[in-house]
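Undergrad: Here you go, one structure.
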Amino acid sequence: MKKFIETIKNIFKIEELKTRLVYTFLLILVYRLGCFIVLPGIDATSLAKLQSTSQEGLVGLLNMFSGGAFGNASIFALGVMPYISASIVIQLLGMFVPYFRKLQMEGESGRRKMNQLTRYLTIAILAIQCPAYMAQIHNQIPGQAFIAVNQLGWSNFAYNLVSTMILMAGSMFVMWLGERITDRGIGNGISLIIMIGIVARLPFALIAEVGEKLSTTNGGLLLLIVELVVLFFVFVAAIALVQGVRRVPVQYAKRIVGNRQYGGVRQYIPLKINAAGVMPIIFAQALMLFPLIFSKWDATRGLAATLGNYTGFWYNLIFGFFVMAFTYFYTAVTVNPTMMAEDMKKNGGFIPGVKPGKMTVNYLDSIMSKVTLPGSFFLAIIAILPAIAMVFGVSNQFASFYGGTSLLILVGVVLDTLQQIESYLLMRHYDGLMKTGRLTGRSGM
């Protein structure tokens, strides 16, 4: 406890770090306040049905990622998810389209162009999702709740058009907040906004779960203790998945004379067990959400009724398969054994017992495939853990913290943010946050 207090004091001794933390906190506070600002022209007291239907299934996931703004009919209802979808599309285009691949290699100027294209695509996605969200509101709340239509004489078309523009502006403003946090705050702004939305739902979910279990006379308290113990071990397993690496030894030569190497230095290439991070789950959930989007956010109609059953066998089987497939796909694209082998060769390095060139590429590719298999399987299990928890009696809201995107985002973002804070401490010659060594996040050491 004494070391913890001393570490907190050291954080506030570093002026730059203190300024960044305060700046981040203020922008997050702005975002959280905006999540409770209801769209103009809607009676906030009539949102009970919308809030209740936004607690279950896939819509519940969207509501959790937006910090409850989705169920509040807030100006920030769609949050940063359209921006995340646009980023994924641009990233995929960078893998297959030569123009986008060229932009990725142009350094800072290319990154600015890709960011601008991402913003344009975000607006296009919002132009589709905002009217669908307004249709959801009209289906879920009574007609008399629309004050602008009933009392001010607006037509439904005019009101929906204005509300769509407000929703688009709200999402773009949230995206701007995330970029400002990344530039002038601490941590990745977009990831922090998503994490704050998830954490904001945790106290309500925990209180509801405690109340439900304590009201049960048949071993409710014991079940609650078991749930919390299991949740603790799930968090530990998620941290292990995020930080786990397989280290491949590489021998580097201090000097080379002819074909002989003298004074070799051994280093390691850290091949992550989960090199894809949370992206496979995001990709898989995006595919599972398509039927819901085209059914106007109503999970009781059409294909959404079949695939929208969050605890159903077919949903989880398809979802788990998508997660494993995307894990291999994303790892194959982001981890390039050929480039790694070329870099080692340029720097006079080699893997002991493996010939440079194609043999090194094949060796790294083989190791990566073997490491990715258990990583993808473990990631798929974590992805469907919320559904398993619900089968064993955990409430829908609390079960979402047992796995899936919410758990990995929570663990990954916290580790990355703490890693940045620790870097500031170590640069100023203060002790880090951990006694046993450097803290690692999703980005490695």
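The values are calculated or read from the model by the stated rules, or taken from the named source; none is laboratory data. Remember, it's a predicted structure, so these values are computed and weren't measured experimentally. Here the Cβ positions follow ideal geometry from the backbone for every residue, glycine too, while neighbour counts run over all protein chains shown. Accessible surface is based on the protein model in full, side chains and every heavy atom, while ligands, DNA and RNA are left aside. Shrake-Rupley method; radii C 1.70, N 1.55, O 1.52, S 1.80 Å.
Undergrad: Please give the peptides 313-323, 129-139 ranked by average Cβ packing (other Cβ atoms within 10 Å per residue), highest first, as a rough proxy for protection.
TA: Working: 313-323: 16.5, 129-139: 18.7.
Going by the mean number of other Cβ atoms within 10 Å, highest first, we get 129-139, 313-323.
Undergrad: Within 13 Å, Cβ to Cβ, of GLU179, how many net charges do the neighbouring residues add up to if Lys/Arg are +1 and Asp/Glu are -1?
TA: Neighbourhood net charge equals +4.
Undergrad: Of LYS102/LYS358; LYS102/LYS355; LYS18/LYS272; LYS272/LYS355, which sit over 29 Å apart, Cα to Cα?
TA: Where the Cα-Cα span goes over 29 Å, the pairs concerned are LYS102/LYS355; LYS18/LYS272.
Undergrad: Can you work out the accessible area per residue across segment 81-226, with the rest of the protein chains kept in place, probe 1.4 Å, in square angstrom?
TA: That works out to 52 Å² for each residue.
Undergrad: Find the Rg to Rh ratio for segment 308-436, where Rh is the Kirkwood radius over alpha-carbon pairs and Rg uses the same atoms.
TA: 1.12
Undergrad: Suppose accessible area is computed on protein heavy atoms with a 1.4 Å probe; arrange LYS113, LYS346, LYS102 from highest to lowest.
TA: Largest to smallest exposure gives the sequence LYS346, LYS102, LYS113.
Undergrad: Ordered by packing density, taken as the mean number of other Cβ atoms within 10 Å over each peptide's residues, highest first, how do 24-31, 93-100 rank?
TA: 24-31, 93-100
Undergrad: Would you please put 6-18, 116-128, 164-176 in order of how densely packed they are, using the mean number of other Cβ atoms within 10 angstrom per residue and starting with the highest?
TA: Order by mean packing, descending: 164-176, 116-128, 6-18.
Undergrad: Continuing with this model, one more query. I need the fraction of alpha carbon pairs in segment 177-229 separated by more than 13 Å, rounded to a whole percent. List each step's numbers first, then the result.
TA: Values: 916 of 1378 pairs.
Counting pairs separated by more than 13 Å, the tail of P(r) holds 66 percent.
Undergrad: Heavy-atom accessible area of VAL234 with all protein chains present, probe 1.4 Å, nearest 10 Å²?
TA: 20 Å²
Undergrad: Which three numbers, in whole Å and largest first, are the semi-axes of the equivalent ellipsoid of segment 88-162 derived from its Cα gyration tensor as √(5λ)?
TA: So the three semi-axes of segment 88-162 are 41, 12, 8 Å.
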